[in-house]
Amino acid sequence: MIDLRSDTVTLPTPAMMDSIMHARLGDDVLDEDPTIHELEKKSAELTGKEAALFVPSGTMANLTAVLAHCERGDEVILGDQAHTFLYEAGGISSLGGIHSHQLKNQDDGTLELELKIRGVYYEPVNTAVLTEIFAQIEENNMDMVLLEKLPKIAVYSPPDNQPWDDAVTLALTYAEIDYEVVFDDEVLTDKLKDYDWLHLHHEDFTGQYGKFYKNYHNAVWYKNMEMQFNATANKFEFSSVHELKKQIAVKIKAYIQNGGFLFAMCSATDSFDIALASQNVDIVSTVYDGSQVDPNYRNKMDYSNSVAFENYNLYTNPMTYEYSTIDVPPSHRTVTKGAEADYFSLFEFSAKWDPVPTMLTQNHVSVINGFMGQTTGFARSTLKNHVLIMGEVENDELVKYIHGNVGKGTYTFLGGHDPEDYRHFVGDPPTDLSLHRNSPGYRLILNNVLFPAARKKEKKT
């Protein structure tokens, strides 16, 4: 064994003594010592640096390094087991005027610096404290939910950038949660089975190109969307984009039935359900598919195929920026409330008996600022009986946040486009989430991302 604790216990060998005796010497102060030059050059090469400096002690080296990077009055972050902190007599403070801030060293010597920067804290608890926590959970209306797996996440979105943002992809990116983008090709070739969680946002499953015809049918991005969607319809031998998108909706419903988790916002909520209910009828104008709206479409709508809504009226006029009377308030009407007066309330659920809605509604506030979208919210009168309301405007027709089961899977719909952009318009810049780190609306989105990772229990009430 070779003891390398320090030069006081590591004695020089005869070869080392011989090298010392015959080393070429010069005045290092005058930068004339060839041996020092050779050592510094070798050190620079080994470390990949431009140059190296020889100093007589590690303490001096540490002090030199700190002084090279800091000015007087600066703060340096150190581990609480760092030599600079424990054994150097406060040299950086007394000689450099630099304050040290200690973080706990982990067992491997690393620092939890990233957590510190992001303002994330945790506190280890012993067995006694843990037992007390478990007892509190048992005695009160609470339950433990284990996060057992990392869900594989897919976002349904065109491969080309759209002229609007997607609140969910913004949240996923900001939280550094991995996701993959899928679109019609992946859905039609049954690739959804590879994912645990699927998100839909400002997409149109009725084949009406988002009902942007009135204002944007001559825009370059709109024409490109038409070309792309028609190419996919031709590729898979559909007669129109209308028929293509309705089949996409059927595939997504099958994904849910087989155990998938669907989270949708804005126009993807009602257009998805409308597409399911209109499988056997043409509900779109000539400008979209070259054929007239079926004059008897109202009687041919089959609400039993849809998952959440029924008994609504459609807006078949292509000049109307709206799909149906599901939406409250309709996006084609003048805003009456404004951002300061618009809000909705979350329901409270028992974690012991209803763990799923409890997870989906957990928040630091119970009242959430409202936000608009092409589909802002849902008319209470159009909800199917089984739909669970999780957020609503009290004493109003507007329901904002709903949840339901389809086969082995679930869906959750949140009305509105962006929780921190009250009325998002085409071409508006995306929301900067660093300015909204405690956003209650974005918290609801992240609740849904975490949901597939949790152990599920059958809902009791």
Of the listed residues (LEU39, LEU46), the one being surrounded by 12 or more Cβ atoms within 10 Å (Cβ to Cβ), of a type outside the set (Gly, Ala, Ser) and outside any loop (DSSP other than H, G, I, E, B) is LEU39
When the residues of segment 329-360 are filtered to those that are surrounded by fewer than 21 Cβ atoms within 10 Å (Cβ to Cβ) and hydrophobic (A, V, I, L, M, F, W, C), which remaining residue is modelled with the lowest pLDDT? VAL335
Determine whether segment 62-74 contains at least one residue that is among the β-branched types (Val, Ile, Thr), surrounded by 11 or more Cβ atoms within 10 Å (Cβ to Cβ) and at pLDDT 90 or above. yes
Just to check your reading of the model, which residue among THR206, THR232 is over 30 Å from ASN438 (Cα atoms), outside any loop (DSSP other than H, G, I, E, B) and of a type outside the set (A, V, I, L, M, F, W, C)? THR232
Going through segment 315-344 one residue at a time, which ones are closer than 23 Å to LYS251 by Cα and either in a loop (DSSP other than H, G, I, E, B) or not hydroxyl-bearing (Ser, Thr, Tyr) (or both)? TYR323, ILE326
Under 9 Å between Cβ atoms, which residue pairs at least 6 apart in sequence (or on different chains) link something in segment 179-193 that is among the aliphatic types (A, V, I, L, M) with a partner that is in a loop (DSSP other than H, G, I, E, B) and surrounded by 12 or more Cβ atoms within 10 Å (Cβ to Cβ)? VAL181/SER157; VAL181/PRO158; VAL182/SER157; VAL182/LYS191; VAL182/TYR195; LEU188/PHE236; LEU192/ASN258; LEU192/GLY260
Looking only at segment 216-234, decide whether some residue is modelled with pLDDT under 95, among the aliphatic types (A, V, I, L, M), under 25 Å from TYR179 (Cβ atoms) and out of contact with any His (no Cβ under 8 Å at 6 or more places or on another chain). yes
LEU388 passes all but one of (1) surrounded by fewer than 21 Cβ atoms within 10 Å (Cβ to Cβ); (2) under 27 Å from LYS211 (Cβ atoms); which number fails? (2)
Return yes when TYR213 is within 29 Å of the chain's Cα centre (by Cα) and among the aromatic types (Phe, Trp, Tyr) and no when it is not. no
Which one of these is closer than 30 Å to ASP354 by Cα, touching a strand residue (DSSP E or B) at 6+ places or on another chain (Cβ under 9 Å) and modelled with pLDDT under 90: GLU123, GLU139, GLU148? GLU148
Identify all residues within segment 75-110 that are aliphatic (A, V, I, L, M), in a loop (DSSP other than H, G, I, E, B) and either surrounded by 12 or more Cβ atoms within 10 Å (Cβ to Cβ) or within 39 Å of the chain's Cα centre (by Cα) (or both); write none if there are none. ALA82, LEU95, ILE98
Report whether or not SER304 is polar (S, T, N, Q) and either on the phi > 0 side of the Ramachandran plot or assigned to a helix (DSSP H, G or I) (or both). yes
Filter segment 420-457 for residues that are within 15 Å of ALA264 (Cα to Cα), surrounded by 19 or more Cβ atoms within 10 Å (Cβ to Cβ) and either touching a His at 6+ places or on another chain (Cβ under 8 Å) or hydrophobic (A, V, I, L, M, F, W, C) (or both) and give the result. TYR442, LEU444, ILE445, VAL449, PHE451
Residue count for segment 233-257, restricted to those that are farther than 13 Å from TYR288 by Cβ and aliphatic (A, V, I, L, M): 6
Filter segment 184-228 down to the residues that are among the hydrophobic types (A, V, I, L, M, F, W, C) and surrounded by fewer than 19 Cβ atoms within 10 Å (Cβ to Cβ), then identify the one that is nearest to GLY415 (Cα to Cα). TRP221
Condition first: surrounded by 15 or more Cβ atoms within 10 Å (Cβ to Cβ), touching a helix residue (DSSP H, G or I) at 6+ places or on another chain (Cβ under 9 Å) and farther than 22 Å from LEU192 by Cβ. Now tell me which residues in segment 164-180 satisfy that. LEU170, TYR174
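The values are calculated or read from the model by the stated rules, or taken from the named source; none is laboratory data. In this text the structure is predicted, and so the values were computed from the model without any measurement. Glycine also receives a Cβ, built like all others from the backbone with ideal geometry; neighbour counts cover every protein chain displayed.
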